[in-house]
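The values are calculated or read from the model by the stated rules, or taken from the named source; none is laboratory data. Quantities reported herein were computed from a predicted structural model and do not represent experimental measurements. Glycine also receives a Cβ, built like all others from the backbone with ideal geometry; neighbour counts cover every protein chain displayed.
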């Protein structure tokens, strides 16, 4: 049933890497924009500029990249003979990807909260900015080391 995925595997893998890079770039940058928005966005003009940047980053780059990452990743996982589900690594990667998706949704929620003028402190956003890095470490170690 999924044998048709075998010949497109290299293309799905290449597309997956490109999509992940785009998604991660947004996940690294959006919380940094939140820091600037929270710390310097009290005046109407900076807050408006940050709101536009946050919206475009989330809507035009991050959301499509996340969807492309999920679709291409599912193609990879469904390709026969690629994943040995008896090992631990696919489960740790899956947990980290689910956590990354939760973080993406958290960021989208924080953008709405910032627009309403009730955002968190710059310090809190700085701390949250480390979450995608930690999850990326878990994903890369899972896939490369296959522990």
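Among the numbered conditions (1) over 19 Å from the mean Cα position of the chain (by Cα); (2) surrounded by 13 or more Cβ atoms within 10 Å (Cβ to Cβ), the only one that residue 85 does not meet is (2). In the stretch 105-122, the qualifying residues are those that are loosely packed, with under 12 Cβ neighbours inside 10 Å and at pLDDT 95 or above, and the one that is farthest from residue 92 (Cα to Cα) is 109. Against the criterion of being without any contact (Cβ under 8 Å) to a residue 24 or more places away in the chain and either closer than 20 Å to residue 49 by Cα or in a helix (DSSP H, G or I) (or both), residue 97 does not qualify.
This table checks each residue for (1) without any contact (Cβ under 8 Å) to a residue 60 or more places away in the chain; (2) assigned to a helix (DSSP H, G or I).
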{"residue": "84", "(1), (2)": "yes, no"}
{"residue": "90", "(1), (2)": "yes, yes"}
{"residue": "112", "(1), (2)": "yes, yes"}
{"residue": "133", "(1), (2)": "no, yes"}
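Screening 52, 20 for residues that are assigned to a helix (DSSP H, G or I), at pLDDT 90 or above and more than 16 Å from the chain's Cα centre (by Cα) leaves exactly one candidate, 52.
Here residue 20 meets the list (1) surrounded by 14 or more Cβ atoms within 10 Å (Cβ to Cβ); (2) touching a residue at least 60 places away in the same chain (Cβ under 8 Å); (3) closer than 21 Å to residue 142 by Cβ almost entirely, failing just condition (2).
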